[in-house]
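A short write-up of the structure that comes next.
Any read-out appearing in this document is the output of simple, stated calculations on the displayed coordinates, not a laboratory observation. Only a predicted model underlies this, so the values are computations on that prediction, with no experimental measurement involved. Cβ coordinates were reconstructed from backbone atoms using ideal geometry, including for glycine residues, and neighbour counts include every protein chain displayed.
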Amino acid sequence: MLSQELRAATIVIIDDIGTNIRLLESSLKAFGLRYIHSFSDPVAGLDWLQNNHWDLLLLDLDMPRMDGFELLARLAPNSGQPVIILTALGSQVDRQRGLHLGANDYLCKPLDLSELVLRIRNNLQLGLTFQKLQEERDTLDQKVLERTRELQASFTSLIHTMARAAAFKDTETGNHIIRIGEMAALIARELGQPETWVEDIRLAAPMHDVGKIGIPDVVLNKNGKLTPEERELMKTHARIGFDILRNENNSAMINMAAEIALNHHEYWDGSGYPQGLSGEAIPLSARIVALCDVYDALRAKRPYKTAWTHKEALNHIVQGAGSHFDPILVELFSRLHDSLEQIIAQYQEQSEPPLKRCGLN
């Protein structure tokens with residue numbers, strides 16, 4: 001006999017012969033199955049199957065409008081529940097075709113009701129086991145997803161902490177480094193970069209000035225113009241940042257951060273530092289961050305300057321196209337008015353830094 005758990009299963013019968021349906025319904029109820037849905041119209045039966053929960057399908061093959069083979073073909077992509085074919089078509093070709101289309105079992109009419117109940121029991125147990133495994137897998141997947149999110153959040157927090165450590169030595173704010181990441185991700189997505197690359201640059205961009213950790217405070221926070229020697233010392237922050245971040249065993253994101261730290265002061269025309277790279281020899285990630293860094297610095301209010309408007313900052317960026325900045329990126333950047341304003345508004349400065357910048361980006 002069937003267990004209490006199996007008796008609660010939902011059984012669906014699809015057969016165009018009314019007497020067959022009634023015989024199956026009475027037999028199944030006699031064995032304790034309580035939830036039975038029957039259809040003499042296979043189209044209506046398929047619609048019900050696709051929109052409701054069920055545990056087992058008893059399916060005839062030879063039916064008008066839609067035969068059992070077609071119904072199986074339409075059902076297969078959406079169903080993991082067992083199907084038993086009950087049919088007078090007993091040829092090997094029909095049997096193989098039905099099983100190939102996803103049926104789990106095949107019984108020829110006239111039916112042996114005792115055997116049918118055993119087949120139903122076995123298939124319901126199989127379906128129930130599969131369902132429990134699926135639920136366990138989904139639970140495990142959810143736990144893995146939650147743990148991954150936790151690790152990602154911790155990783156992101158660590159990255160921002162590292163970037164802020166550099167910002168504490170300079171006059172930048174925490175929101176500045178967040179805005180740089182958001183703007184860089186916006187441009188990367190507009191360029192059609194893969195989403196993994198977009199997320200990498202979102203996390204990597206805030207670390208562009210991490211090398212300033214290695215610059216003496218007397219130079220980094222000098223309240224006035226730097227001497228030529230001090231300017232050269234200041235420029236070493238690009239190489240220092242690269243040395244801090246680079247590691248053969250690092251993730252793609254950290255490697256991108258090292259790439260950005262080293263190259264975000266390179267100019268499109270080759271007049272930047274530290275290597276004097278030009279054009280597309282400058283990594284794309286660094287070209288993007290260079291543009292975002294200058295734009296955000298112009299838009300931000302500082303003790304020594306007022307905040308520029310979007311139009312003023314954009315005009316400055318446009319004037320630098322082909323010399324300081326990648327002209328293609330500038331053209332794209334010029335079209336992102338609303339999105340840039342949203343980023344600026346979302347990550348407004350909460351307080352102004354107390355020290356004056358030394359005048360070297």
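Among 131-139, 117-125, sorting by the average number of other beta carbon atoms lying within 10 angstrom of each residue, highest first, gives 117-125, 131-139. Computed from the C-alpha gyration tensor, the three semi-axes of the ellipsoid equivalent to the range 4-138 are 21, 18, 15 Å, from longest to shortest. Note on the range 1-102: with charges restricted to the Cβ of Lys and Arg (+1) and Asp and Glu (-1), its dipole about the Cα centre is near 240 debye. Can you tell me which of ALA321, ALA88, ALA286 moves the most in a GNM of the chain? Springs connect C-alpha atoms under 10 Å apart. Sorting by GNM fluctuation, first place goes to ALA88.
Sort CYS292, CYS108 by Cβ crowding within 10 Å, fewest neighbours at the top.
On the way: CYS292 28, CYS108 15.
By the 10 Å Cβ count, ascending: CYS108, CYS292.
Past 22 Å, Cα to Cα, is the threshold; run LYS222/LYS305; LYS235/LYS301; LYS212/LYS311; LYS222/LYS301 against it and keep the listed order.
On the way: LYS222/LYS305 16 Å; LYS235/LYS301 24 Å; LYS212/LYS311 30 Å; LYS222/LYS301 19 Å.
Long pairs (Cα-Cα over 22 Å): LYS235/LYS301; LYS212/LYS311.
Mind checking which aspartates and glutamates have their C-alpha under 20 Å from LYS132, skipping anything on the same chain fewer than 8 residues away? Correct list for LYS132: GLU5, ASP55, ASP141.
What is the fewest-to-most order of ILE84, ILE288 by other Cβ atoms lying within 10 Å of their Cβ?
Details: ILE84 20, ILE288 28.
Fewest-to-most Cβ neighbours within 10 Å comes out as ILE84, ILE288.
Counting every pair of alpha carbons in the range 170-346, the share spaced more than 24 Å apart comes to 35 percent. Straight Cα distances below 15 angstrom link LYS143 to the aspartates and glutamates GLU135, with same-chain residues fewer than 8 positions distant left out. Value of Rg to Rh for the range 261-310, rounded to two decimals, is 1.09; Kirkwood radius and Rg both from alpha-carbon coordinates.
Each of ILE254, PHE325, THR196 was placed along the dipole of the range 170-346 (beta-carbon charges, centred on the mean Cα), and the one lying farthest toward the positive end is PHE325. Of GLU248, GLU341, the sequence from fewest to most neighbouring Cβ atoms within 10 angstrom is GLU248, GLU341. Just ILE17, ILE240, ILE180 to compare: in a GNM of the chain, with alpha carbon springs under 10 Å, which one fluctuates most? Evaluated over the chain, the most mobile residue of the options is ILE17.
Count charges around GLY181 for me, please; just the other residues with Cβ under 12 Å from its Cβ, Lys/Arg as +1, Asp/Glu as -1.
On the way: positive: ARG179, ARG202; negative: GLU182, GLU199, ASP200, ASP293, ASP296.
With Lys, Arg at +1 and Asp, Glu at -1, the neighbours total -3.
Among the listed values (i) 1.10; (ii) 1.63; (iii) 1.02, the one computed from these coordinates for Cα Rg over 2.2 N^0.38 Å is (ii).
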